[in-house]
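Structure, as structure tokens:
The values are calculated or read from the model by the stated rules, or taken from the named source; none is laboratory data. On a predicted model such as this, the values are computed, not experimentally measured, just so you know. FYI the Cβ positions are ideal-geometry reconstructions off the backbone, even for glycines, and counts take in every protein chain you see. Side chains included, ligands, DNA and RNA excluded: accessible areas come from the protein's heavy atoms. Shrake-Rupley method; radii C 1.70, N 1.55, O 1.52, S 1.80 Å.
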Amino acid sequence: MKKFLGIVSCFVLILVACVTFYACGSKASNISISADKSEIELIMGTESQTQTVEFVVENYGGGSAQLNFSLEEDEKGTVEFSSNYIKGTGKTILTVKGLKRGTATIVATTLQGNKKFVLTVKVIQPILGLDQADEFKNKLYAIAGGSLNLSQEALWKYNPLETNQRDLLFSFVGDASGCSIENGQLIVNSDCSLSSVKIKATSAFNDKIFVEFDVKILKPIDVVVQVGGKTVVENVT
């Protein structure tokens, strides 16, 4: 009889454990996580250098709604963050501060159910000034019938050097007959009669930041050099 009761007791304990495990597993499978933003952009030196994101955990039953935060991808200390769990609400406020230009990925994971939410962070270092690189001042040339890539970063001196706002827009200042600008390329027609053109480079992020510069236009020189009756050099520029 005692043996029988022992067996029954063990069976009941196993049954209770199974029910508990199932209930916990069911709660974990129903739990969800969301946030009011999936991407944020932090701008250095402004009020937007620090931002908050609200996370909400739902369907956690009597379990935990708390979150773990981890930095999955970070370009050499781009951001720092802290979190504040509001007990009884399922809400957590994450505060993120930009430290230097770059991108980072912060992953929020529920303590219960291991559900994840990915937050992408981009830190912007604003452009404050623009000039031509010293080695290219008054040394830009284009050949009639050819082109010049104005967008190459080596031509420009950005302030600060760390800025990631490097896109520029180009426009002519004054007469530019026989010339055009397409996708950052100065294109000079073969019949262009100008000796130079003045161009304005403007920051795509701040139209008050610009620099004007001249590009000299060279004409191809048709030269024919023959050796042994064969042409070896033509159209020297």
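For the reader, a short list of remarks on this structure follows.
- Residues (farther than 30 Å from Asp191 by Cα, in contact with a Pro (Cβ under 7 Å, 6 or more places away or on another chain), touching a residue at least 60 places away in the same chain (Cβ under 8 Å) and open to solvent by less than 70 Å² (accessible area, probe 1.4 Å)) located in segment 128-170: Thr163
- Residue match in segment 49-66 (condition: exposed (fewer than 13 other Cβ atoms within 10 Å of the Cβ) and either among the charged types (D, E, K, R) or under 28 Å from Gln185 (Cα atoms) (or both)): yes
- Those strands (runs of 3 or more DSSP E) of segment 178-219 in which 3 or more residues are touching an Asp or Glu at 6+ places or on another chain (Cβ under 9 Å), among the aromatic types (Phe, Trp, Tyr) and buried (at least 17 other Cβ atoms within 10 Å of the Cβ) are absent.
- Verdict on Ile187 being farther than 30 Å from Thr95 by Cα, modelled with pLDDT under 95 and among the β-branched types (Val, Ile, Thr): no
- Pairs, first on the phi > 0 side of the Ramachandran plot and of a type outside the set (A, V, I, L, M, F, W, C) in segment 81-102, second in a strand (DSSP E or B) and surrounded by 14 or more Cβ atoms within 10 Å (Cβ to Cβ), C-beta under 7 Å, six or more apart: Gly90/Val56; Gly90/Val57; Gly102/Val123
Matching residues to (1) assigned to a strand (DSSP E or B); (2) open to solvent by less than 60 Å² (accessible area, probe 1.4 Å); (3) farther than 24 Å from Glu47 by Cβ:
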site: Thr89; (1), (2), (3): no, no, yes
site: Ile93; (1), (2), (3): yes, yes, no
site: Lys97; (1), (2), (3): yes, no, no
site: Lys100; (1), (2), (3): no, no, no
site: Thr105; (1), (2), (3): yes, yes, no
site: Thr109; (1), (2), (3): yes, yes, yes
site: Gln112; (1), (2), (3): no, yes, yes
site: Leu119; (1), (2), (3): yes, yes, no
site: Pro126; (1), (2), (3): no, yes, no
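- If you go through segment 128-149 and keep only what is outside any strand (DSSP E or B) and within 18 Å of Asn206 (Cβ to Cβ), you end up with just Leu128.
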